[in-house]
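Q: Sharing a structure here in structure tokens format.
The values are calculated or read from the model by the stated rules, or taken from the named source; none is laboratory data. Only a predicted model underlies this, so the values are computations on that prediction, with no experimental measurement involved. Every residue, glycine as well, gets a Cβ built from its backbone with ideal geometry; the counts of neighbours run over all protein chains shown. Quick note on the areas: whole protein, heavy atoms, side chains included, nothing else; ligands and nucleic acids left out. Shrake-Rupley method; radii C 1.70, N 1.55, O 1.52, S 1.80 Å.
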Amino acid sequence: MKNIAILLVAGLTTLSTACFNNGAKAKTTNLSDDTTINSEKSIDGNNVANSTSANLQEVKDTMVLGKLYFVNLKEGEQPVMTALSLNGDRCGTGDFNHKPYATEGIRSVFELNEWIEFNPQATAASGIKVMVFKHQADQGFYLKNSLNDETPGYVLACDLNKDPDDETFPWGSFYLHPEEVNPGYYDFVFIYNNKVFATMLTRFFQDKEIQEKSDSELEKLMSEKRQ
């Protein structure tokens with residue numbers, strides 16, 4: 001009986017940390033308060049270049065929606081997540097919502113209250129985390145500051161874990177509640193082993209604002225520059 005009780009407690013603990021909550025907002029998961037990220041190298045697609053926080057600050061003039069900006073990697077190091085596919089449950093056709101894995105052109109426009117599913121290509125099946133912040137013009141902010149639920153601009157965090165029994169099941173999912181956040185631009189910050197390795201710019205519209213738009217209209221929104 002004692003062994004059964006231990007197994008039940010372990011199972012409940014696992015369920016309580018899952019990101020997908022069947023209709024509820026994602027549970028937030030915080031990095032430790034003493035987590036500090038330092039930048040050494042940056043990778044953009046397959047091209048590795050020297051990087052500092054100052055370089056990342058310059059991204060504010062060129063950052064586009066739906067592109068993974070790989071950062072904080074040592075020379076020759078590859079990111080744990082090499083590509084990403086994001087799905088929503090409201091806007092666009094199946095083709096728009098099930099784009100192939102990519103580092104650019106990832107679906108990046110959503111509505112508040114819309115579920116977002118994360119499907120990464122990654123070398124690790126667990127341990128990846130995505131944190132959502134109000135957009136920072138200086139992306140070096142995420143390398144110079146501790147990231148937790150008290151960090152300015154913090155919205156939520158979600159662990160991304162591969163389902164060992166179903167490769168088609170999303171690694172994690174959440175939505176942004178319209179009573180808690182406003183429409184606008186948000187950064188998805190990807191972390192592995194307490195280290196930021198990529199950021200991605202997204203845009204969220206009002207609830208039901210863009211759900212009737214065609215795929216081509218949604219693609220146009222993704223190509224527009226920040227206002």
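Q: Tell me, please, whether a residue that is in contact with a Ser or Thr (Cβ under 8 Å, 6 or more places away or on another chain) and either surrounded by 16 or more Cβ atoms within 10 Å (Cβ to Cβ) or more than 18 Å from Glu114 (Cβ to Cβ) (or both) can be found in the stretch 127-135.
A: Yes; the residues of the stretch 127-135 include at least one that is in contact with a Ser or Thr (Cβ under 8 Å, 6 or more places away or on another chain) and either surrounded by 16 or more Cβ atoms within 10 Å (Cβ to Cβ) or more than 18 Å from Glu114 (Cβ to Cβ) (or both).
Q: Residues of the stretch 126-146 being over 16 Å from the mean Cα position of the chain (by Cα) and assigned to a loop (DSSP other than H, G, I, E, B), which ones?
A: Within the stretch 126-146, Ala137, Asp138, Gly140, Asn145, Ser146 qualify.
Q: Sticking with this one: Let me confirm something: among Phe118, Phe70, which residue is surrounded by 17 or more Cβ atoms within 10 Å (Cβ to Cβ), modelled with pLDDT of 95 or more and not in a loop (DSSP other than H, G, I, E, B)?
A: Answer to the selection: Phe118.
Q: Restricting the search to the stretch 85-106, which residues are under 24 Å from Pro183 (Cβ atoms) and in contact with a helix residue (DSSP H, G or I) (Cβ under 7 Å, 6 or more places away or on another chain)?
A: Those that are under 24 Å from Pro183 (Cβ atoms) and in contact with a helix residue (DSSP H, G or I) (Cβ under 7 Å, 6 or more places away or on another chain): Asn87, Gly88, Cys91, Gly92, Thr93, Phe96.
Q: Residue by residue through the stretch 99-115, note down the ones that are assigned to a strand (DSSP E or B) and among the small types (Gly, Ala, Ser).
A: Matches in the stretch 99-115: Ala102 only.
Q: Could you go through the stretch 145-168 and let me know if any residue there is aromatic (Phe, Trp, Tyr) and open to solvent by 50 Å² or more (accessible area, probe 1.4 Å).
A: Looking for residues that are aromatic (Phe, Trp, Tyr) and open to solvent by 50 Å² or more (accessible area, probe 1.4 Å), one finds none in the stretch 145-168, hence no.
Q: Sticking with this one: Checking the conditions here, which among Leu221, Leu201 is surrounded by fewer than 17 Cβ atoms within 10 Å (Cβ to Cβ), touching a strand residue (DSSP E or B) at 6+ places or on another chain (Cβ under 6 Å), at pLDDT 95 or above and within 19 Å of Val64 (Cα to Cα)?
A: Leu221
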